[in-house]
Structures are given as structure tokens and as C-alpha cells.
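The values are calculated or read from the model by the stated rules, or taken from the named source; none is laboratory data. Predicted, not measured: the structure shown is a model, and the values here were computed from it. Every residue, glycine as well, gets a Cβ built from its backbone with ideal geometry; the counts of neighbours run over all protein chains shown. Areas reflect the complete protein model, heavy atoms only, side chains present, ligands, DNA and RNA absent. Shrake-Rupley method; radii C 1.70, N 1.55, O 1.52, S 1.80 Å.
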Amino acid sequence: MSKLLNNLPVEDLTTENDYLGIIEKGDLIKMFLESNTDEFKDIKMFTLYGEWGSGKSTLMKYLEKELKGGFNTYFFEAWEYESDYNLSISLLEFLIKKSTTVSEELAKNILNAGGKLLKGLVSASKFKASLKFVEFEVDGEKIANNLTEGKDKTFIELKEEFKVEFRRWEDNVTKGKNPKFNLIFIDDLDRCEPENVLNLLSALKLFFTYGQKTIFFCGIDEKAINEAVKTKYGDVVKSSEYLEKVFDISFKMPLTANKLKLYSQYFSSETLYPFKKSDMPLPQIIDLFFYELNFTNPRRIKKVLNRFLIVKNIIGNLDKKSHLNEHYGKITNDDEICLFDLFFTLYFILLRLFYPVIIENIENDSLRILNYETAVSNQKGITESGIRSSKTSFRRIFKDRSLEISFITFNQIVGTHVNQDKEIFYDRISKFLIKLAPINPSIFNPSAFNTSENYTELFILEKKGIDYFFVLFLLNNFKSLGIQKIKSDKSVSQMLYLIKSIP
């Protein structure tokens, strides 16, 4: 049986569980760092860009493991120190604590010198930022004036004192048979408060780079930094310019990932299903499903699949006499899975975890009717009589109780297609999909749900979300779902009830 996978960085990374292309990317970065140590006196700030959940931590953990021995490696997880008043001082304390050869006197000196300077930097940064500060030319007088200790020293003296002590620390930890360079990884910055992130980056660029044997490698979510820069500096500086000034060299997470390795942890590859004009194993079908929904963040996908396993195991162990059985889909046996039930189970799990408001929208008939009738009126190039006809058609689709919308099953739709009754077929598709489509189209024509081409042309949104892409996925794959060996007898309401009823 498949087991739940955690969302922590993968410590024991192998070719089998490397579904993000970490090893290949990591080996290239490793080779670059090992072959360019002569440049580290001038190039000291490196970054790895990647969105939250893209695997940055796993890649940096891999690099730390691979480079240990050639470098003195340190791994500072910034989020663990978020409660500290000053992340840059926490970093300095962390480095001293991890440096076992440093004497008590040296530790005291560097913490004293660094503490004064870094504390003053944070205090001074609370002043309204000027363009010069963003360019990392700070007002030394403000820093000195905002110190609680050492008021008798100028900013230049404080800076020089820290430089001397930091280089003494470098010489100590790189002496003898120890590696000649320090490599400091800084992770989890995208989980910290924006102000703390910018203060730490400023301190790194302004003061920690005084060293001659130490480089910094930061995992950065560009979106998070963009928000932090916008919050602090408004429109004065663009985040891209800010990051260019901080980091000398940047890398990016792999753009392509072999997620089939991930999906194979949850689904069998042995059984083939007819899908998209070919026979495919289940992991490949799941890969297409998430891709077409534009839902590709590895950490989020793993959360959905873990939740799916919980649902699947509960269903598999459910008493067959339970009244709840009638609501549950055919997803318990990989060799006899109903793809329709599987897609809906994954989709509603996804909504419950990350988009609960969409579930509320599915059940909000009154708002849907109001929004859709307004969207019908917004159609371009249609006469008044055409608008009235569209509204009549919409009301018939939505309010006709000959087949209750919430309880139309996929089998009822497919059956009409097999019988070549196109009018009933399109009518039932519309009734089925209108509950799933986004609740707020700006323009809508009732025939939008007849085909995927109609949908993309006649269902217009200001911004397309996952509910839009799910309906498009269904329209694109009704034929593939209709030829499956195992058919679904479930409706939207029954599949939704399944996910909402399981804790």
C-alpha cells in the first residue's frame, strides 16, 4: 500500500525519489562552486530562485551534503529564528555556535562588534528609506545614533571593528586541515516577515561580505521578495533591481520536473487506461490532470495526494452496510479505478485544502443565477432578442427540475451521447458543468458548455482560476472518460459530499 509522504526537504535524495530534477541541477551548481573559489573574494552572494514548495530546501540540503568536506558548510533556517528581534544577529550567533574551534574570547569579540553594528542597522532601517539605502549606501550617522551602546564610536569605526573580528573568525574556522572557504546556506526566507527578510539581506550585503573566505547561498521566492520590497519601498524600487544589487550570481529551480516518480508513489503503473487516444498508466494520467489544471506546485500536489490516500483508505475499510457507501466513488483499487470518480475526488480535495471558497460557490445557486444572467446581458454583437433567448435558455438549463442539476450523473450524460441524442446530450452537459464553472463570468452564452471550443470563446472571465481549468479539462476529455471500462454512477453533489463528510 502507498504511504503518506511528508512535505519536509528530502534528506535521502536518490534518482528514484528525485522527481524534481534536483540531483542534475545540484551537480551543476556544485561543479560551478568548486571550480570558482578563486573568485570568492569578489563574488560572495548567490541565490536560488524558486516559488514556495518548489523544492529549494531539498536542493540546498543536497548541495550542503555534497559540498561538505570541500567547504565549511552552515545551514541557517531563518524561519526558526523569526521570533528573534534581529535575524542578522541571530545568524551571527548561529555561526559562532556552530564553529567549535572558536575561542570564548573571539566569540565574545565578534558578537560584541557585530551586535552593535547590526542592531544599529535595524534601528536605522526604520527610517523612511531613500533610494541610496536601497542601493546599499546607508547613512552611517543614523546607525551610530540608534545604538544603545558604543555611542562613542562612529559608524566607520564600528564597521572596521566588525570587519576585523569577522575575518578573525574566518581565519580560525579555515585554519589547518579545515576547508579554506565557508559556505553559508540561508533557507526559509519566504516564510519570514517581509521587514525581517529585507533587514537580513541588507546586513548580508553591507557587512557580512567583508569576509574574504565566506560565501552566502540564499533560497529566495521572488514573489515574496517582490511583496516585501513593495511594502517597504512602494514604487521607489522594483524588486528585480533590488535583488540584482544584493546577489552576484543567481540560479533557478529546474523548470521541468519528472513528477511521474512522485505519482508512482501513490498510483500503480501496471494497469493501462484508454485516455487521450492512447493507453496510459495511471501516473501519467494524473500528471496530465494536474498539468491541465495549472496546479503544478510539488508541495501542494503532495498534500492533495496524501489527503487522497486518507480518503481512499477510509473508503476501503468502510463497512459495506454503511449508508455512506452510496456516496463513495470507485477509487479503492488501482486495477479497477473509475477515472471520473478519481478526478472528482482529487479536485474536491484540492478545493477543500486550497480553495474552499470555490466549494461555497458551487453550492450558492442564488448568486450563480444572478451573476450568470448579468453575464448573458454582457454578450457583444447580439441583438436584444438574442439576449432574451440566451436568458431563457439559461433559466431552462439551470431551473429545469426534470433532471435535478446537482444529481445528474456522468453515466446519464454519456448514455445520451451513445444514443446519438445530441440535444439532450448538450443539455445535460450544460446542467452538469454549470454547477462547476466559475461563479463570476463577465460574459456568458448558454451554449458555452457544449464543447471546449465554445467554452473558451463564450465563457469570459477577468481572471481564469482552477475552476475554469477543471471544466475545460472535463470538456476536453468527455470522450476519453466515456469509453472507460468502469463507469461512474455519481453526481457532483455525491462526490462533493464524499470529501466534506470525511474528516
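Annotations for the structure displayed:
- Peptides 441-452, 36-47, 94-105 ordered by packing proxy, namely the average of other Cβ atoms within 10 Å per residue, highest first: 441-452, 36-47, 94-105.
- Global form of the stretch 151-206, assessed from the alpha-carbon gyration tensor, a/c cut-off 1.5: oblate
- Residue-wise HN-Hα couplings along the stretch 157-171, as the Karplus relation 6.51 cos²θ - 1.76 cosθ + 1.60 with θ = phi - 60° gives them from phi, are 5, 4, 5, 5, 4, 5, 4, 4, 5, 5, 6, 5, 4, 4, 4 Hz; Gly and Pro carry x.
- The simple spin-label model puts a point 7 Å past each Cα toward its Cβ; for Thr392 and Ser442 those points are separated by 3.0 nm.
- Percent accessible area from carbon and sulfur atoms, the stretch 170-245, protein chains only, probe 1.4 Å: 45
- Averaged over its residues, the stretch 443-503 has an accessible area of 43 Å² per residue, based on protein heavy atoms and a 1.4 Å probe.
- Peptides 432-440, 344-352, 224-232 ranked from most to least packed, by the mean per-residue count of other Cβ atoms within 10 Å: 344-352, 432-440, 224-232.
- With protein chains left intact and a 1.4 Å probe, residues in the stretch 1-110 average 53 Å² of accessible area per residue.
- Note on Ser501 and Asp335: with the Förster distance fixed at 22 Å, the Cβ-Cβ geometry gives a FRET efficiency of about 0.30.
- Rounded percent of accessible protein surface that carbon and sulfur make up, the stretch 440-503, 1.4 Å probe: 51
- Computed from the Cβ-Cβ distance with R0 of 45 Å, the FRET efficiency linking Lys97 to Thr451 stands at 0.10.
- Accessible surface ranking for Phe181, Phe459, 1.4 angstrom probe, highest first: Phe181, Phe459.
- FRET efficiency for the pair Phe469 and Ser35, taken as 1/(1 + (r/R0)^6) with r the Cβ-Cβ distance and R0 = 30 Å, rounds to 0.10.
- Heavy-atom surface analysis with a 1.4 Å probe gives the stretch 12-65 a carbon and sulfur content of 49 percent of its accessible area.
- The alpha carbon centroids of the stretch 26-49 and the stretch 188-230 are separated by 17 Å.
- Along the stretch 101-112 the Karplus relation, 6.51 cos²θ - 1.76 cosθ + 1.60 evaluated at θ = phi - 60°, assigns HN-Hα couplings of 8, 6, 6, 4, 5, 5, 4, 5, 5, 5, 5, 5 Hz to successive residues, with x for each Gly and Pro.
- Each peptide among 21-28, 74-81, 273-280 gets the average number of other Cβ atoms lying within 10 Å of its residues, and from highest to lowest they stand as 74-81, 21-28, 273-280.
- Cross-link pairs beyond the 29 Å C-alpha cut-off, checked among Lys25/Lys463; Lys98/Lys232; Lys61/Lys175; Lys261/Lys485; Lys252/Lys479: Lys25/Lys463; Lys98/Lys232; Lys252/Lys479
- Fraction of beta bridges assigned by DSSP in the stretch 159-290 that are antiparallel (%, nearest 5): 45
- The solvent-accessible area of Trp52, taken with every protein chain present and a 1.4 Å probe, is close to 80 Å².
- Whole-Hz couplings from phi, Karplus 6.51/-1.76/1.60, listed for the stretch 29-39; x for Gly and Pro: 5, 4, 4, 5, 5, 5, 9, 10, 5, 5, 8
- Accessible area of the stretch 152-221 divided out per residue, in Å², using a probe of 1.4 angstrom: 36
- Counting 0.36 nm for each residue step from Asp188 to Val164 and taking away their Cα separation leaves a gain of 5.7 nm.
- Distance between the modelled labels on Ile382 and Asp27, one decimal in nanometres: 5.7 nm (7 Å Cα→Cβ projection).
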